[in-house]
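Please read the structure below before turning to the comments.
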Amino acid sequence: MTRFVDKISVLDRRASAMEEAEGIARDGLRMHRSSPAGAIPPGQGTGGSITLGQLFKRVGDAHNGGGEEEGVGGNDSLMNHVLEVDAFEQYHLDSRPPPPFVLTFTDLTYSVKRQQRMSLFRKNRLASDPPETEAALGRTKTLLNSISGEAREGEIFAVLGASGSGKSTLIDALANRIARESLQGSITLNGEKLEGRLLKVISAYVMQDDLLYPMLTVEETLMFSAEFRLPRSLSASKKKSRVQALIDQLGLRAAAKTIIGDEIHRGVSGGERRRVSIGMDIIHDPIVLFLDEPTSGLDSTSAFMVVKVLQRIAHSGSIVIMSVHQPSYRILRLLDRLLFLSRGQTVYSGPPDGLHSFFADFGHSIPDGENPTEFALDLIRELEGTPAGATALVQFNNSRQSRPAQSVAAKPALSLKDAISVSISRGKLVSGATEGATSSSSSSVQKHANPFWIEMGVLTKRSWTNTKRMPELFAIRLAAVLLTGFILATIFWRLDNSPKGVQERLGFFAIAMSTMFYTCADALPVFLQERNIFMRETAYNAYRRSSYVLSNAIVSFPPLVLLSIAFALTTYFAVGLAGGIQGFIFFILIVLAAFWAGSGFVTFLSGVVTHILLGYTVVVALLAYFLLFSGFFINRDRIHDYWLWFHYMSLVKYPYEAVMQNEFDDPHKCFVRGVQMFDSTPLAALPEAAKVAVLRAMGQSLGVPITASTCITTGTGILQQQSITQLSKWDCFWVTVAWGFLFRFLFYISLLIGSRNKRR
């Protein structure tokens, strides 16, 4: 089979009409994409549209090394596409346009199980009673009931209905956000079954909520999206040009340098936020675009502007499927196909112009001057309030549908993989095109547009940019650490080497190390606030989950270094800890390791617990248990065997033992001398002479001279008394560091398991 390798620059290839709708040309030849129903006039030269045969000629020239233009070939070749000519050569010889993409769904049915309620009294059943099914028992609820329809390239397909009618459920079903085993019916694109892996790359899903980083500007938000979705082979200048074109198309030029904003920081308007959300998902010009109520919460003007943008996207050669609650008359004129739902059933399917005749035949004519959709929704609500519901309207709609016409529809002249290949050659799916573009329908595009390290770099840059514009967050953390260090320094000021000084050191170390973990609790809301953004972006393969985990660790580490140094400078010399400069450096390292482990622990919990208040409760409770079993309140050799495992699981144990050894691991330093051994005992009230006499008598009994200055307990003796003998201080340090890595790995596992983003 003859193959041609397209060496043409992405931006020198045929531009999509998404950009042409705004009159924006790319760097190469100006070419126009026809509408679905239109034809490509042959022989228009470089200023008009070109035939696929002419495209192949350019491809062949590039393959043979001739006809190279500026930026084509060599290192400037941005993307290679392999086109199987024999598959559709016969179809394109007469310059006909490729058939439009058509997304068809047939008899979609989706039910969920109700939660069972416990009942103490159950009705006695007779043997003659019919068997009880789950539906008869009310154990299942049907959200979609045999829904069929089709959405075409170049059109806006709108799903309408009252709240709870199944609009969002249908959008989720079409967007592969419902597990296939739970969804009955078929979904095809150009007559071929649509695989979930392929759909993720050729489509985009815009959620109802605007999930954006608040401190990034509109231009930065779209640019980061371009970095994720467009391949690394595309130069930075080409990506920027694409973003600028998209900003113009979305009507966001005036707000390009404005931050998104949130409740605290003033930013763009609600309509502009919605258009930015849409822009993030169409940066790679997808074939299919799903939107869940994109006009929700917007005023009429902003809603109209959003739908107007969607119309331009549809005309650029995309299938636009959206749910909408109650469109205005102006918005209705922009829609091409409507699907009205009532409790999961279809009550109307067709063009907006058919509403008048449909309801007139049903016996409820739409009054002149009234919005047809408002009338339809009001009538549906009225019927739903009756015992029979909207059954009559559902049956009337079924009687008008000509389903046999769908079953005998002509097979498309191009297979799905060939149609996608042609779409790639015309500028769509830039993010996923590969050299083996036509090997199979599921492998014609890469799962991710960029390699791992590129994703991690872009994620790190985005998160760091958003974080550095909120310095007050780090300032609050630093103030909390400095305040805690100041309080501890003033309470434990200049501790001596007496037995009381030893006990006070133990208390300082336990409180200081546990404080490191409690201070890390502020990392809990970070991922909880970003969770929905993460779910949205990874659902359609913007980046890998592993890239996000490592980026999160990289961004969070520098502040931990500064906090560790600040705490060590505040407390180490003020308390009078031993070890000199080497001891001080190790103290900084173990505090940093504690911060690292605590941050990893809280980050892992944020991936498991989805509610902030519940997360804080879990963090506080577990850290209290870690402190309890750390060895400060009860020594290791005094803990019962059935709780000993928790002692080794305690995060506080290892940094606590590390600082203890950093302070006391000196066999020549004495902490208890002669009469000091009577401190904290009833003999402490004896006169000094009496204590010396007791010591002399004890020495005579033991055969060892004991005086008032004799060293009774050294630093190593204190470690033995506290049962801190198993690990060295460096062993404790590395174990603490390993805990941090382990929790981040568990965070990654929680993202793999908990972010599948599909209904069951």
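The values are calculated or read from the model by the stated rules, or taken from the named source; none is laboratory data. Treat the numbers as computed from the prediction; the structure is a model and nothing was measured. Virtual Cβ from ideal backbone geometry, glycine too; neighbours counted across all protein chains shown. Keep in mind that these areas ignore ligands, DNA and RNA; they rest on the heavy atoms of the full protein, side chains included. Shrake-Rupley method; radii C 1.70, N 1.55, O 1.52, S 1.80 Å.
Model label points for residue 362 and residue 725, set 7 angstrom from Cα along the Cα-to-Cβ axis, are 8.6 nm apart. Our note on the geometry: Cα centres of the stretch 486-562 and the stretch 168-233, 35 Å apart. FRET efficiency for the residue 708 to residue 493 pair, using the beta carbon distance and R₀ = 35 Å, is estimated at 0.85. Once the chain from residue 529 to residue 694 is taken as fully extended at 0.36 nm per residue, the excess over their C-alpha distance is 52.7 nm. When all protein chains stay in place and ligands, DNA and RNA are ignored, the 1.4 Å accessible-area order of 348, 642, 625, largest first, is 642, 625, 348. Accessible surface ranking for 253, 177, 1.4 angstrom probe, highest first: 253, 177.
Our compactness index for the stretch 280-413, the C-alpha radius of gyration over the empirical 2.2 N^0.38 Å, is 1.17.
Would you please put 185-196, 222-233 in order of how densely packed they are, using the mean number of other Cβ atoms within 10 angstrom per residue and starting with the highest?
222-233, 185-196
Applied to the stretch 505-519, the Karplus parametrisation 6.51 cos²θ - 1.76 cosθ + 1.60 on θ = phi - 60° returns per-residue 3J(HN,Hα) values of 5, 4, x, 4, 5, 5, 5, 5, 5, 5, 5, 4, 6, 5, 5 Hz, with x for Gly and Pro.
Counting Cα-Cα pairs of the stretch 638-724 in 5 Å increments starting at 0 gives whole-percent bin shares of 3, 13, 16, 16, 15, 12, 10, 8, 6, 1. When each of the peptides 243-251, 151-159 is scored by the mean number of other C-beta atoms lying within 10 Å of its residues, the order from highest to lowest reads 151-159, 243-251.
Pairs exceeding 31 Å between alpha-carbon atoms, taken from 417/461; 468/653; 240/447: 417/461; 468/653.
At full extension, residue 262 and residue 479 could sit 75.7 nm farther apart than now, given 0.36 nm per residue minus the alpha carbon distance.
In terms of the mean number of neighbouring beta-carbon atoms within 10 Å, the peptides 361-370, 481-490 order highest first as 481-490, 361-370.
The order of 275, 477, 139 by accessible area, most exposed first and with a 1.4 Å probe, is 139, 477, 275. Annotation: residue 711 carries an accessible surface of approximately 50 Å², with a 1.4 Å probe and no ligand, DNA or RNA atoms counted. Between residue 111 and 143, the built amide H atoms are under 5 Å apart, and every one of these is 5 or more places off in sequence or on another chain. Computed with a 1.4 Å probe over protein heavy atoms only, the accessible area of residue 643 comes to about 110 Å².
Between residue 680 and residue 637, the distance separating the two model label sites (each 7 Å from Cα on the Cα→Cβ line) works out to 1.7 nm. Gain on full extension, evaluated as 0.36 nm per residue between residue 468 and residue 610 minus their Cα-Cα distance, stands at 48.6 nm.
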